[in-house]
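Data first, discussion second: the structure below is written as structure tokens.
Nothing in this text is a laboratory measurement; each read-out follows from the coordinates by a stated rule. Bear in mind that the values here come from a model prediction, so they are computed numbers and not experimental data. Ideal geometry is used to build each Cβ from the backbone, glycine not excepted, and the neighbour counts take in all protein chains shown.
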There are 2 protein chains.
Amino acid sequence: MESIRILSAKVTDVRVPTSDALLGSDPFHKKPDYSSAVLQLETDSGLCGISVVFTVGAGTDWICHGIRDLCQLVIGSSLDDFSASPITLYRRLIDHHQLRWLHDGVFRMAAGAVLNAMWDLWAKALGKPLWKLLVDLEPEFVADCIDWRNISDALTREQAIALLQSRRADVERREQELTRQGPEAYCTAGWLGLSDDEILMTIRKLQGCGFGSFKLKVGLDSDLDVQRIRFMRDAIGPDCNLMVDANQFWGIDEAKRHIEQYRPFSLKWIEEPIARDDVLGYVELAQTFSNADFGFACGEHAASPVIFKQLLKSRAIQYCQIDAVRVGGVNDVMAIVLMAAKFGVPVCPHGGGIALCNMIQHYGMWDQIAVSGHSDTQLIEYIDFLQEALTHPVAVRDGCYVAPTAMGWGLEFDAQFIDDHRFPDGAMWKPRSSASKGVMFEA
Amino acid sequence: MESIRILSAKVTDVRVPTSDALLGSDPFHKKPDYSSAVLQLETDSGLCGISVVFTVGAGTDWICHGIRDLCQLVIGSSLDDFSASPITLYRRLIDHHQLRWLHDGVFRMAAGAVLNAMWDLWAKALGKPLWKLLVDLEPEFVADCIDWRNISDALTREQAIALLQSRRADVERREQELTRQGPEAYCTAGWLGLSDDEILMTIRKLQGCGFGSFKLKVGLDSDLDVQRIRFMRDAIGPDCNLMVDANQFWGIDEAKRHIEQYRPFSLKWIEEPIARDDVLGYVELAQTFSNADFGFACGEHAASPVIFKQLLKSRAIQYCQIDAVRVGGVNDVMAIVLMAAKFGVPVCPHGGGIALCNMIQHYGMWDQIAVSGHSDTQLIEYIDFLQEALTHPVAVRDGCYVAPTAMGWGLEFDAQFIDDHRFPDGAMWKPRSSASKGVMFEA
């Protein structure tokens, strides 16, 4: 087979004016406009490598700018070059001798977009969903995709290979099980803006779809939060899982005061109680609440495998919430999922936004088939939001994801959706240019 | 006095083709082109608020893109708005309800540029150098400039005020001392590419200028490094300070192996042995080498006050190397310098690049006059590189900085330098567009 060659990159700034309805808001992100930098790598084969970086409005153009710059490094290259050694492209991007000065955040997210689009293209060329490509990789090949420089003190290359090898005998059986019933999902029912009645309605609707785990946003008002937790615990009964999410709103001492009041409610986890990069803060919280029945969870804003390494190795977190687009693509996520498996921490990816659920379901499949090799403790976030934008929407049945069958990530967007929401000149934005300015200038 | 109003922002991508001579290279940044995103806030007063973000070539445009976007939030505002409450602008930037999704790196550096340009403008309006503006601020005002949310477990607002208050009696005397002789400087003599003879020549030249502290780049080759350390120790004698800098090249176990060999040479510090965000790694190194006579240093790549908080609170680092443009401007640096003072860790800022020394000298002055209140343990990095680009070059006399007297940061650039080095259309770049492409594509 002739190798597929990357001809050009199309990068689109897509924004949805969700702030109109205050959907998905939290204490910090008061008026998010769910958005995506959408990368399409066009090739000489007709196949297109697609990836997205989710953002919450302003700043999507920063990511687009970065992706366009980085795409210079793949245009003209072949898929064979990539698939022979994904770490080579990873290093050309993440360790670029000048661009690495830009660190995590915009730079690592943009680099991840390019890597994820190449992985997408590879899976499509093989005619496989992304998760199946990952499951079928040899343990040594997976290990070779990973940058070991800064994480070997927690997990060595040899340990990773041994871990993956030890699962091989069961992979076929696990794949059959997971294709019958995918990873278990959970959902946020307690959004900040909702009334008790609305929350109850949401819970009942989710229970009707088989959900048994529910999350609640907290942070602003301790009394109200405790009241809400009690309300939700009463509504779902003692056997369902209840989690709370503080979206990094507290300092450490404040977190301790709030969380102390949460002890009676048999919570499963406390999510993002403190700043995304406060590793020692997480260690301190884990020690303070070591006798509580809840654990700590974070990861959607952990900006690098090194942060995950510390949180896992120190046993500061009990749930590992990888994000699909915050770190350096599949390569970084491989490292994080493997480290989580070594420390016995369930991988419970962060979903929502635009198309994040479409991506994380692949990581859930890979983890539960080939890395941790079980489905006993993981929950994968699910929000049915904006799925109309995609040709292959995610599906949930009996509270579990339905194993995705589309090739690659399955990130094909509805063309009209992209056209309408292109910022700032799509049909959705043209008439509201002053409104969009208003959101940018919100204090 | 009528308040000064911001009329417009000029953001320029300035790059110097330093990679021709491999100046300033390290194991990761093999071919840096020293560069700056230069921000000029133009006002109705004739005064101009200037700041820079140093980069190493590719990626400067990413920072410029970000600064242009953020400047929307200050254009039309008045200096009075800012000077009445600098934290208000800080929050509008760093906690912007949509842009904060972009995290540290490009976003925080761009936000820092806007803040630093406003501080520059304020100092100019008062007719003071930046350091003098900081020294003259009331302790409560300084405390009000700081975002305490994520650092109060290490230093409270009240502790910061008490610390600054306790220095007030001595401030006048310290200011007189520091204006006579500024903060002590040190310099890198052992660049990777240099021969022994070249290093020796550099040392002798620096000693002739009164320098007593010298740094050496290490990392790639353990045997060669030890040989170099021995060579430099012999050259400078036992009484001078010798420091080594590994520029994050090692993993933790690798770092331990290398550093173990450094014990005999009475080094002052080991700089950046491991990844910039590996706080627990630094804790582990500090424990492993607790009986050695050197300490650990880092900070030029620490991306937020939260990372500094952890390194200081855990006593993992013994030298705090703030950078002038990596975090969120004066406000973030205030927090870090105050935390360092509380934990008794000397502030030894990172200099070099383009115009970093011009900025850090102000922080050194403020720290040594009004925060730590002494000059017993600090060393401030100095490199005499590219100072011809600036109207007010830094000066060193008898191995110490000469207290800067220009208003604000003193960051006025030579107009011809900016014109010549504007990327990609300045005279320096037009004829070398293909060469610049070569550096971008360097593996």
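Dividing the radius of gyration of the alpha carbons in region A:281-358 by their Kirkwood radius gives 0.98 for Rg/Rh. Here's the list of aspartates and glutamates a cross-link from A:Lys205 could span, going by alpha-carbon distance under 19 Å and ignoring same-chain residues fewer than 8 apart: A:Glu184, A:Asp196, A:Asp197, A:Asp234, A:Asp239, A:Glu381, A:Asp384, A:Asp398. Rounded to the nearest 500, the helix-only mean residue ellipticity at 222 nm of the protein assembly as shown stands at -12500 deg cm²/dmol, with each DSSP H run of n ≥ 4 adding -39,500 (n - 2.57). For B:Arg149, what charge total do you get from the other residues with a beta carbon under 12 Å from its beta carbon, if Lys and Arg give +1 and Asp and Glu give -1? With Lys, Arg at +1 and Asp, Glu at -1, the neighbours total -3.
Determine the relative contact order of chain A: mean sequence separation of Cα pairs under 8 Å and six or more apart, normalised by residue count, in whole percent. Once normalised by length, the contact order is 19 percent.
Its Cα centre serving as origin, region A:163-413 has a Cβ charge dipole (Lys and Arg +1, Asp and Glu -1) of approximately 640 debye. For A:Asp420, inter-copy separations between label points set 7 Å beyond Cα along the Cβ vector come to 5.6 nm, shortest first. A label point on B:Lys10, set 7 Å along the Cα-to-Cβ line, lies at 3.9 nm from each of its counterparts in the other copies, closest listed first. Over all distinct Cα-Cα pairs of region A:163-413, the Kirkwood formula returns a hydrodynamic radius of 18.4 Å. Restricting the count to DSSP beta bridges whose residues both fall in region B:163-413, what percent are antiparallel, rounded to a multiple of 5? If we restrict to bridges inside region B:163-413, about 20 percent are antiparallel.
Where in region B:97-121 does the label zone of A:Lys30 land, with the point 7 angstrom along Cα→C-beta and an amide N cut-off under 17 Å? It comes to B:97-101, nothing else.
What whole-number value in cubic angstrom gives the convex hull volume per residue for the C-alpha atoms of chain A?
139 Å³
Cα-Cα over 29 Å: which of A:Lys313/B:Lys215; B:Lys124/B:Lys217; A:Lys215/B:Lys309; A:Lys10/B:Lys430; A:Lys30/A:Lys215?
Over 29 Å apart, Cα to Cα: A:Lys313/B:Lys215; B:Lys124/B:Lys217; A:Lys215/B:Lys309.
Projecting the Cα atoms of B:Val52, B:His29, B:Leu41 onto the charge dipole of region B:11-67, computed from C-beta unit charges around the Cα centre, puts B:His29 farthest toward the positive end.
The Rg/Rh ratio of the protein assembly as shown, with both radii computed over alpha carbons and Rh defined as the Kirkwood radius, is 0.96. For A:Phe294, B:Phe296, the sequence from fewest to most other C-beta atoms within 10 Å is A:Phe294, B:Phe296.
Beta bridges from DSSP with both residues in chain A: antiparallel share about 55 percent, rounded to the nearest 5.
Hey, can you grab everything whose amide H is under 5 Å from the amide H of A:Glu381? Only 5+ residues off in sequence or another chain; H modelled, so Pro and N-termini drop out. Residues meeting the criterion, in which the H sits 1.01 Å from N, are A:Tyr186, A:Gly351. Cross-link reach is defined here as a Cα-Cα straight distance under 19 Å, omitting same-chain residues fewer than 8 places apart; for B:Lys256 the aspartates and glutamates meeting it are A:Asp153, B:Asp221, B:Asp223, B:Asp225, B:Asp245, B:Glu271, B:Glu272, B:Asp277, B:Asp278, B:Glu284, B:Asp293.
Distance between the 7 Å Cα→Cβ label points at A:Glu172 and B:Ala406: 7.3 nm. With both residues required to sit in the protein assembly as shown, DSSP beta bridges show an antiparallel share near 55%.
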